[in-house]
Amino acid sequence: MLDTLQDEALVKADLREHERMVAERAPWETTWREVDELFPDGAGGFNQASPGALRGQQLFDVTHITQCSRFAAAMMAITTPEHEQYIRPRFLDPELNKLRSVQLWREEAGARLYAMRHALHTGFTTAAGEDWDQTGRYGTAPLWCDATEGRGLFYKALHLSKCFIDVDFAGLVNRVHITECYRADQCEEFFGAENLTPKMAKALKENKPQTEFELIHVIAPNRSWDKDSFDHRRFPIGARWLAKDEKLYCKRGGFHSMPVAVSRHLTTAGEIYGRSPAIRVMPTIMGLQQVRKTTLRAAHKAVDPALIFNNDDGVTSLVTKPGGMNAGLVNDMGRPMVSRMPGGEAGLPYAENEAERERAVIEKEFLEEIYKILTDPNSRMTTTEVLEVVSKQGMLVMPFAGRYMREKQHPVSQREIDLALRAGQLPPLPGEVIEAGAWPVVEYENKLAEMARAESAGKSMRYLQALPVMAEIDPNVRHRVNVDAMASGLAEEMGVKPSYLRSDAEVAELIAREEQSHQAAINAELLKNAAGASLDIAKANQVAEAA
């Protein structure tokens, strides 16, 4: 093992931090284990279930499971629609965004970032779905974004059970500890034989490559950052792989930008981990299980009731199977000697109504209304009506939507831009941007934003349509509209690519050419008229001289 990797003081500090983070997370784990019981799919987790194990026998209603899947699908469709170019880089300086070179760079960079993210090998769609699923279940979702040589970008949703987080002064996640068990042969492959701990090397030497070792992957700000250094100190984000049992580092490195983005659904003041929709309505979910359990028992009694009779005189056996024959079970008056026992069928309608009310609470928390808007092919709602519904829902969505943009979308896009620029996968920044010292941020396009802009564009067009009516009263109103500015503004609102539009210089040149052509035509007409007048004068003079 290389001694240059070791730092005893740093090892002790990392272990102290890890113990503190484990203690801070411990109260949440009881709740998350309850969540795992309510969502019986998936392996591992906080209950360490085996893959393929049969679970969920205690569940009688799966509304929360289906709603979590629909929640994840709806949020993916809104935030990262796979079949639409939704990545729009921009700069915080609005004047910089008006420059033609900057507009063309933004268009090309956005298309390139979209293509890189959604390439098949990156696994972004799978990771995003798992990320939203964790958000719906636990309320805290870590997502890894990195690149490998020869492969490019990749994305991986990290299970919360293996992650411990801490926040900075502003409340943003800046430290992540990832715990994982690796086999001795995996450690040799990843760290190299020269970086293995003594126990790892011994396991391989004794031909025990399957021996597992617990490692802590520490990702945190590098307090010894030196950008001019050539070792691990050159990275602003430090990364260390610590063998927990032996208290030795196997590898030390870092990142130029944070590779793990951790979003939290909702938090209250002082909380580090988020609360999910499932946690917020857990009493309702558990109550619904009891309602469904009772309803099933009542339905079972109604469909397959108990039998009653006065005495067993003459009742020697009962055949209850379909088509069974029961001789002698009718008295002399023709009345059955055996009857069904009244069950709970009278209460079934009430129980079903109660279950529907409970389901409605769960569906509302998981934003079922937005899912219906996005997926209903028979919807006859106008754009304005859709925006009104979404606006009402947005009042409920905004608390975690803003947090998601801040904690997940922005860090991931910044990571992608950093990796892409360093790999030469994006066009170089325009000179004006470099001179201004600006750095791009990413706006995420989606259907709701498109509808909002379409509504704004529609208002402008309706105003133009109303102008002729007003011009009949006062012709001067036609001077009120800056048509050139409106043409540029409507193009942006409608999402027209900058490369489809001519630049100001090109427009000015075309206008100048048109004016020159128009002036030339006028001059030609004047010359023609002047020539005709001269000919008429000459003829008149000839007539006068002849006379």
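If we sort 55-64, 500-509 on the protection proxy, mean other Cβ atoms within 10 Å, highest first, what's the order?
Going from most to least packed, we get 55-64, 500-509.
So what's the back-of-envelope 222 nm ellipticity for the chain, counting only DSSP H runs of four-plus at -39500 (n - 2.57) apiece and dividing by all residues, rounded to 500?
-16500 deg cm²/dmol
What nm value, rounded to one decimal, do you get for the distance between MET470 and ARG151 when each label is placed 7 Å out toward the C-beta?
6.0 nm
Report, in debye and to the nearest 20, how large the dipole of the chain comes out about its Cα centre when Lys and Arg carry +1 and Asp and Glu carry -1 on their Cβ.
So the magnitude is around 800 debye.
If R₀ is 60 angstrom, what is the calculated FRET efficiency for the pair ARG478 and MET76, using the beta carbon separation as r and rounding to 0.05?
For R0 = 60 Å, the calculated efficiency reads 0.80.
How far, in degrees from 0 to 90, does helix 410-422 lean away from the longest principal axis of the Cα atoms of the chain, to the nearest 10?
The angle comes out at about 60 degrees.
Report the net charge of residues surrounding LEU419, where surrounding means a beta-carbon distance below 14 angstrom and charges are Lys +1, Arg +1, Asp -1, Glu -1.
That sum, taken over residues with Cβ under 14 Å, equals +1.
Estimate the FRET efficiency between GLU108 and HIS300 by the formula 1/(1 + (r/R0)^6), using the beta-carbon distance for r and 45 Å for R0, to the nearest 0.05.
0.10
Quick one: what are the phi-derived ³J(HN,Hα) couplings along the stretch 257-269, Karplus 6.51/-1.76/1.60 with θ = phi - 60°, whole Hz, x for glycine and proline?
Those phi angles translate into 8, 5, x, 10, 9, 10, 9, 10, 5, 9, 9, 10, 4 Hz.
Points 7 angstrom from Cα along the Cβ direction at LYS199 and ASN326: gap in nanometres?
Placing both labels 7 Å along Cα→Cβ, they lie 6.9 nm apart.
Applying a 10 Å radius around every beta-carbon, put 419-429, 222-232 in order of their mean neighbour count, most first.
419-429, 222-232
With a cut-off of 8 Å between alpha carbons and a minimum separation of six or more residues, what is the relative contact order of the chain in percent?
Once normalised by length, the contact order is 17 percent.
So which lysines pass the test for LYS12, namely a Cα distance under 26 Å, with those fewer than 8 places away in the same chain ruled out?
Within reach: LYS162, LYS199, LYS202, LYS227, LYS244, LYS247, LYS251.
Give me the extension gain from LYS364 to VAL441: residue separation times 0.36 nm, minus the current Cα-Cα distance, reported in nm with one decimal.
Result: 24.5 nm gained on full extension.
If you work out Cα extents along the principal axes in Å from the coordinates, which of [x] 155, 92, 42; [y] 167, 53, 44; [z] 74, 59, 43 do you get?
Calculated Cα extents along the principal axes in Å: the matching label is [x].
If packing is taken as the mean number of other Cβ atoms within 10 Å per residue, what is the order of 469-478, 12-21, highest first?
12-21, 469-478
Bear in mind these aren't lab numbers, they're just calculated from the coordinates by the rules spelled out. Since the structure is predicted, the reported quantities are computational estimates derived from the model, not experimental observations. Heads up, the Cβs are rebuilt from the backbone with ideal geometry, glycines too, and the neighbour counts pull from every protein chain shown.
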